[in-house]
Every structure is written in C-alpha cells, then in structure tokens.
1. Return the residue satisfying two criteria in turn: it lies in segment 381-410 and is touching a Pro at 6+ places or on another chain (Cβ under 8 Å) and assigned to a loop (DSSP other than H, G, I, E, B), and of such residues it is nearest to ARG311 (Cα to Cα).
2. Being β-branched (Val, Ile, Thr) and out of contact with any helix residue (DSSP H, G or I) (no Cβ under 8 Å at 6 or more places or on another chain) is the filter here; which residues of segment 151-191 pass it?
3. How many of the residues making up segment 240-268 are closer than 20 Å to GLY284 by Cα, touching a Gly at 6+ places or on another chain (Cβ under 9 Å) and surrounded by fewer than 18 Cβ atoms within 10 Å (Cβ to Cβ)?
4. Among the residues of segment 371-393, is any of a type outside the set (Gly, Ala, Ser), surrounded by fewer than 13 Cβ atoms within 10 Å (Cβ to Cβ), out of contact with any Asp or Glu (no Cβ under 6 Å at 6 or more places or on another chain) and without any contact (Cβ under 8 Å) to a residue 12 or more places away in the chain?
5. Out of segment 247-272, which residues are in a helix (DSSP H, G or I), of a type outside the set (Lys, Arg) and within 18 Å of VAL186 (Cβ to Cβ)?
6. Does any residue of segment 136-159 turn out to be under 27 Å from HIS287 (Cβ atoms), among the hydroxyl-bearing types (Ser, Thr, Tyr), modelled with pLDDT of 90 or more and part of a helix (DSSP H, G or I)?
7. Is there any pair linking a residue in segment 295-311 that is of a type in the set (S, T, N, Q) to one that is outside any strand (DSSP E or B) and surrounded by fewer than 21 Cβ atoms within 10 Å (Cβ to Cβ), with Cβ under 7 Å and at least six apart or on different chains, and which?
8. For ILE195, all conditions in the list (1) under 46 Å from the mean Cα position of the chain (by Cα); (2) surrounded by fewer than 17 Cβ atoms within 10 Å (Cβ to Cβ) hold save one; what is the number of the exception?
Amino acid sequence: MEIFLGAFTGEWEQRRAAYLHERLIGRNSPSEEEERRRRGVASSGGVGGRLNVGGRAAREGFAWSGPAPRSMATRFAGLGGGSQPAVVKMTSFGGGGRLGAMASYISRNGDVAMENQAGEELRGRGAFAGLSEDWAHLMGSRAESRDIATFRIDIEGRPDEGQTLHAWARDIVSTALGERSFAFAVEERQGHYRIDGVAVLRDRAGERLTADEKAQEIVQARMSENGGRSAEFHFTGYGNGVEYGTARLRKLVERADGGVRDNRGETIADAKLAGDLVQLQWRGELHSRKPRDVMHLVMSARAGTDVEAFRAAAREFLAAEFGQHRYVFSLHDPGQDPKTESAGGKRPHVHVHAIVAMRSEDGERVETSIASFRRWREGLAQHAREHGIRMEMTDRRDQANAASYTKNQVRPINREGRTEHVGTSDSAARRYDRKRREVVTVMRTSKSQAYTETVHDAWEDLARDSEDVGASEFAKGRIMRVNAALEGLEFVVDKQSVGRKNGSPFQTKIVSIFDVAEVENMSTMTRSEFEAYEKRVETALFQAERVLPQDERSNFEEIAAAAREHVDVRREMMEQVEQVDDRAPSSGSPRQDDANRQWDEAVARHGPEAVEAGNNIMVEVEYYRERIERADDDEIRANKVSLQASLNFEMARAAELGASGNSYLREIAEADEELRVAIAAAERSRDRAKDRADDDRAERANGYGEQDASLHGSGDENRTVPAKQLVPRSEELQHEAEQKRDRDEQER
C-alpha cells in the first residue's frame, strides 16, 4: 500500500499520512530513514509544532521539530501592540468509562459537531458510542477508586435515658463503620429512626470498603455482633474524589436543614462547612486513584476573535502536537452555542474543547509537565498568528500576575458572562480573590526571581525604545506591577522566619496604592469627588509607610512620588474642566441656552452615542493641546515630548473613530485641520489594509483552492485596524502639527 501525500490538502493531514506510511512500510535502512526524515522536515514548510510529544517515536526520528520560541522582547512587543495571550488549559482527566460523558459535554449532547484527528465530522448522539468503541483498545483497565459512599441505617429502638438523639445515632454509625470519618443526619419515621449519611470508605489502618453487597454484609455483621440492636444497613451509592463527597454532603445538609453532625459530634450547618469538611479534612484520608486514559483540553481566545480562523488554528495545533494520538474537538462560540447562558453556555469568548487519548497507538503517553504546557501555548499562538490572529505565549511571571486557582478550590455561583465563584476554603478564597483582582505576585524561588529581573529589563527596553506610544505605555504599567511585586517580595523573604505566609503588610499596602490610584474617567470628576479620591491615595500611602521596613525607605519614596504625580496630573485635568465651566455662562443665560441647543441639535443629527463618544475623546485632545501651549517653563518643556505623544495617541483614537463613521467627529474635522488630516490618514491606512487583505485572499485562493482559502482566510474583510496600530503612523500627523504651530508662532 502506498500513500500519496499530495492527495491531502491540509498540512496536518499530510503529516499524519506520512506517519501512518512509516508504520506500514516498516523499518528501512538507516540511510533511507535519514533521507525520509530529511524530506519530511523539508516538506513541512517551516510550520511549527510536533507530531509526537516524546518517547520512542521521537528517539527514532518521527518527531517534528518546530521553530525556536519567540524571544521575550518579541513577545512583549506583541502584547504591548494588542496581541492576546494564548490560553491552553487542562481541565480534567478521565477513564474510558467517562469518554462518552465528556464527548456529550463538548458536543452539547450532540447538537454541536465534533471533528476527529482524521478530519471527520461527528454529529449526533450516535457518535458517542462509536467513539468509545474506536478508542477502547487505548483505554486502561484500571478503575476509579471508591473513596466516599452514602449509606442508610433503619433502627428499631430509641436512645437510652439521658442520651441525646445525635449522640445515640453517632454511636450506632461508629459501630457500623469503625475508624472512618463520616457525617450523618437522623430523623424519626413512624415509630423507628432512619440515619442517612456520607462516609469515607478507607479507614485509618488502610482498609477500604467497596460499598457493594459484600461490604454491606460485613458492616451488617459488625453491627449485629457489637450493637445488639435491630438495625438494617445499606450502602446507597459511592463515588470518587472530593467532588463527589462534597456534592453528596451538601445535598444531605440541604435535605436535613442543617441538622448534620460529623463523627466528632460537630455540627455541619451549611454548604460552606460541608465543603470545608470534605476538602480540608477528609481529602488526606481518601488516597484517591483515578485512571488517566483521556484528558480534556480547552483553548481560548478573546471575544470577537474570528471564529473560523481560530478553529483552523486549533485544528492545526492539535494535529501538530498530538498527531499520533486519537482526539476529537469542538468549537463553542456565543453565536452558535445551543446551551443557554444561565446554564453555563454562550460564553462571551471563543473556545475549543478537545478530548485527547493519553496513550498513542504505539503506547506512548502524553506528557503533562509545566514545560509541555508552555510549549502548547507557544504552538497555539504560532498557528493563531498564521491565521491572522494576533496572539502570544505568556508566562504569569511576565506581568507579575497572581497564581491561578483550581476547580477544586472554587465553586461557581453565577455563570452569566464571566463565571463568578466562591472559594471552598479560606485559603482558596484568598487565592481566588488575588487572581480575580490580579494582585501583583512574584514567586519566591531564586530561579523565578532571576526570571522576573529579566522581565523587568525587557519591559524597560520596550518602554524606552518602542515607537508605538500605546506599547510604551503598556510596558510602563507592567514595570509598575513588577516593581511593586519585587519590593513586596524582598520583605516577605526577610520575614519568613517569623511565619508570614500570605505576604507582608507592606506588600499589601503597596498593592492597595496602585489599586486606588488607577481610576477611570477622572476628567469628569467634580472637585468633591477628586478630593475624596486624593484622600484615599494619601491614606494608602500613610498606611504603607507605617509598616515600612527601614531598608525599603528609598524605594517607597519613589513609589509615593509616582502615585502623587499621578494625582497631580488628574488634579490638572479636573481644574481644566472647572475652568471651562467657569468661562461658561450661568444656567438660564442666553449663552447657556445656546450651548444646550447646540448639544441637542448635535444629538439629533448624529445620535447620542456618536456625540458622547466623540466628545469624550475631544476633551482629552483639548486638554493635551492646552498643556502643550502652556509649556513655558523648563519642567513642563521637558515633558513636552511625552505630552505630544499623548496628544498623538488621543488624536489617533479620534481619527480611527472618525474613519469608522462617527459623523460628529467628521463634522468637527471640517473646522479642525489636525483632526481632518488624522482622519484622512486613518482612511488611507484602512484602504491599504483592505487592499492587502484582498491580495492575501487572492494569493491563498490561487495557492490552495477555494476550499483551503475559505479555511485559512475567512473574516479578513471584517477586520479593522486597531487604534494602537495607528500610533506609529502618527509621526506624519505630529510633523504637520509642529509645522502649523511654527507658522503660527512666526506670525505672532
């Protein structure tokens, strides 16, 4: 049998066909094998990714090597320019018995099509059975451990005199289960008592009950020998892990209306206490085992990302990384998701679910190390860029982000929009809160500290050297985060000997300074609102200084100076608005009535959204124009370059909005020469981008055919040039504005 690679239009199909061909023809001589590998790598066209994750196939030369990872400077420049981070998450493992349930979940019970590793579309519920059958030989025989069981005891009799009902019931359950942890509720039912409970199946000596009929007979015999009461014991269910136990115990608490006790006699009154009992106390007793035959991966992109382009990128990433493994995947986007938002569907972002068999046909298993996840993010970002999606691999240390939380540490309470969770324990709640607010964090290992220092230098290089004002400002924000984290880290390390585990008071206060100082829409604040804001910043600085270590004095003064400078800039903006208001006539005067009439007429002509959006940008433009005009002393003149860059950025935003069809800004441009030139430049840029997109589509259509062109190029005609991309082109605008200003000065 011979396979013709030219019959496959997709590169990932060619790669898989080449691998299958290798297996069919068997081993060749070393020289033939070397030549085959050389031709295979050359035919890949330089597209990154790997056919295998490691093992024997990699040692024998079947692995496909991708290009070297992008440098930190390149990645940071991309992020500063608006690229989104690559997100690849491993949500769960499962055994072969859960394959059908997992496939049902990602396909929305068969309503969303799945695609397998061969490019075949699987649709409908019938696909689940076929999938389990096809993958059966790759699934292990190891079953999940039975960790937690529910039980029921019916008792004829009553508590002894002077004995409480719950103490009596607890003695009965202890007799039945021995040295095992449990929780129970007891109620009277027509002359007899019934105990319902949840128990850990492994005792302190390591003996594990199986929660089947045989185990039930063992427990019943133990009760008969030791209890002397007429009681009937039944296991009513069993499951694996803390998730099962937490769900069953919370259900018992809800049904018993808080009347649940544990084996120590303590009351389990609500769902939080139930979760704490299972997840904090019982977890260490379970010794849980779960087969890892399949894994569930999720790849995500921002809301608004081209759906078909991301589908193609995810398809090629999976084929490159898991080419020897069986897998299925499906794409969920808010427009096509049949699941309602209240039920957890219609997520605002685009994401792809994939189920991957952990073992390949040759017995090699997927490696799930930290390095693997980093490589996966690099691979997804690369394939996304090849399909026109701006995406970069990120490391949480790049922006001093907080560590993520696991699904066992939180439970969802609201799924509308971005899912809201609560922590399952105090420590988990703190971790969730820090991640939700993205509190600055630096890992404490020497390797991570060295990495963070390299990150700091790279952000400084970008802030200093970038011609993109937006990227430079983004880099400055990252520098502030990294600086705050590094300063706090030094104090935490010094205080570890006295047992501080959750960060220092100084670190907490420094974080609060940046949280307080960052306020949006400050230009619309009244004086009273600004004074309250200024007071909050000064309070945060005062509280930080109170817990300040002596060796941090110089660093703190720099942070305080930056925060106060931020407040001063906002004060000038507020005062500028006040000056405009003071120059305006009082309410009821002819001039005020005329201004109101002009506003109403503008709203009638252009609509309230266009007028409000355009007015907000022009307020910023006029603010920077006036500050530049007032540059009459050395200190302000030294900042003139920065002010001009800020003006260029705001003007670029106004130009992009005007070029997008904001008629209010286009009307202003008739009298504002700078805005007119900027809008014209933005329109020319849009035309050039559209021409390039048309050329790219034509080239793809000629190179790949209609089917492949639709796969690789969909959605280009709907893309617009972000405002940040206009900033480098604002040099022309700046030059024209400076020439105009020079002419005006000469005339004066």
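The values are calculated or read from the model by the stated rules, or taken from the named source; none is laboratory data. Note that the structure is a prediction, hence the values are computed from the model and not measured. We place every Cβ from the backbone using ideal geometry, glycine too, and count neighbours over all the protein chains shown.
1. Here the residue is MET393.
2. Initially, segment 151-191 is screened for residues β-branched (Val, Ile, Thr), giving 153, 155, 164, 172-173, 175, 186.
Correct list: THR164, VAL173.
3. 1
4. no
5. LEU249, LEU252, VAL253, GLU254
6. Restricting attention to segment 136-159, the residues satisfying the condition of being under 27 Å from HIS287 (Cβ atoms) are 138-153.
Checking which are among the hydroxyl-bearing types (Ser, Thr, Tyr) leaves us with 141, 145, 150.
Applying the additional criterion that residues be modelled with pLDDT of 90 or more yields 150.
Imposing the further condition that a residue be part of a helix (DSSP H, G or I) reduces the set to none.
Among the residues of segment 136-159, not one is under 27 Å from HIS287 (Cβ atoms), among the hydroxyl-bearing types (Ser, Thr, Tyr), modelled with pLDDT of 90 or more and part of a helix (DSSP H, G or I), which makes the answer no.
7. Every condition considered, the pairs that remain are SER300/HIS349.
8. Answer for ILE195: the failing condition is (2).
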